[in-house]
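The values are calculated or read from the model by the stated rules, or taken from the named source; none is laboratory data. Remember, predicted model here, so these are calculated numbers, not experimental data. Cβ sites come from the backbone with ideal geometry, for glycine too, and all protein chains shown count toward neighbours. Note: accessible area is taken over every heavy atom of the protein model, side chains too, but ligands, DNA and RNA are not part of it. Shrake-Rupley method; radii C 1.70, N 1.55, O 1.52, S 1.80 Å.
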Amino acid sequence: MTIDVEDYFHVSVFDGTVRRAEWESMESRVVANTERLLDLFDEYAVRGTFFVLGWVAERHPALVRTITGRGHELASHGYAHRLVYEQTPDVFREDVRRSKALIEDLSGRRVNGYRAPSFSVTERSLWALDVLLEEGYRYDASIFPIRHDRYGIPGAPRWPHTMPRAKGSLFEVPGSTVRLGGTNLPVAGGGYFRILPYAWTRWGIGRVNREGQPAVFYLHPWEIDPDQPRLPAGLLGQFRHYRNLHRTETRLRSLMRDFSFGPLETVLAGCAA
Ligand SMILES: [Zn+2]
């Protein structure tokens, strides 16, 4: 179970319509939404990994301590929510260093994991894995082995695996897919969870598990908040962001009844053993 802890206005869909300078003045809903998720997880005895955006950690330090205090793993979603392939390696290094230091200072816990905004580690930003290793990260969860307009490496391995790099090896935890007709299809989280019927997710995760692998499910706090302020975006963006927000909580409850979940640190320990 993984959560990318960010506010509704951080989402890449709004990169072209909401200026970063405006973030500070927008109504923040991330604390209340994350606390709702924490309550739901308690109800179903689920523990997960929370990839916290540094920008959020800086403004809501108590939230970082609450997440770890309630038994979940803390990881980094970077600082400023910029797509990796739109940054230089130096800017990216500063971004992942700043977020890791912030979350570690606030929590007193070591941060091992990173997930890029919009899974933006692709063929043209694989250099990011070397930077992550150099900055002390042990695993990355940013490569989606699918074809998509904004992210994905369609031929990348589908299961958690070790990636040997020049500076050492990094554990990679891909987004979950099922393979149908020679194509990888995403099955476990975010818009795919909200937009497609729940039966797709249940079937897909079951199939991944039957292949002997853990599924990596991901969600954002804003995805359980149907009352969030509406922001301008293109038609596709509107559809991806707002579709079925009112259904997410019920679906999440079904998901937690149908499967058991843990934080990536424990799942990965099982994979490495
Ligand atoms: Zn994000």
Original post:
Within the set of pairs 6+ apart or on separate chains, which have a first residue in segment 1-21 that is within 11 Å of HIS241 (Cα to Cα), a second that is polar (S, T, N, Q) and more than 11 Å from the ligand (Cβ to nearest atom), and C-beta atoms under 6 Å apart?
Top reply: TYR8/GLN228
Subject >> Residue identified as in contact with a helix residue (DSSP H, G or I) (Cβ under 9 Å, 6 or more places away or on another chain) and away from the ligand (no atom under 13 Å from the Cβ) among HIS10, HIS72 >> reply: HIS72
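For a quick check of your reading: which helices (runs of 4 or more DSSP H) sit entirely within segment 1-62 and have at least 3 residues that are open to solvent by less than 10 Å² (accessible area, probe 1.4 Å) and more than 21 Å from GLN238 (Cβ to Cβ)? Step through it out loud before you land on a result.
On the way: elements: 20-23, 30-43, 54-59.
Result: 30-43, 54-59.
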**OP:** Go through (1) closer than 20 Å to PHE50 by Cα; (2) assigned to a helix (DSSP H, G or I); (3) more than 16 Å from the ligand (Cβ to nearest atom) one by one and return the number of the condition ARG124 breaks.
**Re:** (1)
Subject >> Filter result (open to solvent by 10 Å² or more (accessible area, probe 1.4 Å) and polar (S, T, N, Q)) within segment 67-113 >> reply: THR68, GLN87, THR88, SER107, ASN112
**OP:** Go through segment 159-273 and tell me which helices (runs of 4 or more DSSP H), entirely inside it, have 1 or more residues that are in contact with a strand residue (DSSP E or B) (Cβ under 9 Å, 6 or more places away or on another chain) and either within 16 Å of TYR139 (Cβ to Cβ) or in contact (Cβ under 8 Å) with a residue 12 or more places away in the chain (or both).
**Re:** 190-195, 198-210, 248-258, 264-272
Original post:
Could you list, in sequence order, the residues of segment 84-120 that are among the small types (Gly, Ala, Ser) and not in a loop (DSSP other than H, G, I, E, B)?
Top reply: SER99, ALA101, SER107, GLY113, SER118
**OP:** Scan segment 23-56 for residues that are more than 11 Å from TRP222 (Cα to Cα) and among the small types (Gly, Ala, Ser) and report the count.
**Re:** 4
**OP:** May I ask you to list the residues in segment 101-121 that are away from the ligand (no atom under 15 Å from the Cβ) and either on the phi > 0 side of the Ramachandran plot or without any contact (Cβ under 8 Å) to a residue 40 or more places away in the chain (or both)?
**Re:** ALA101, GLU104, ASP105, GLY108, ARG110, VAL111
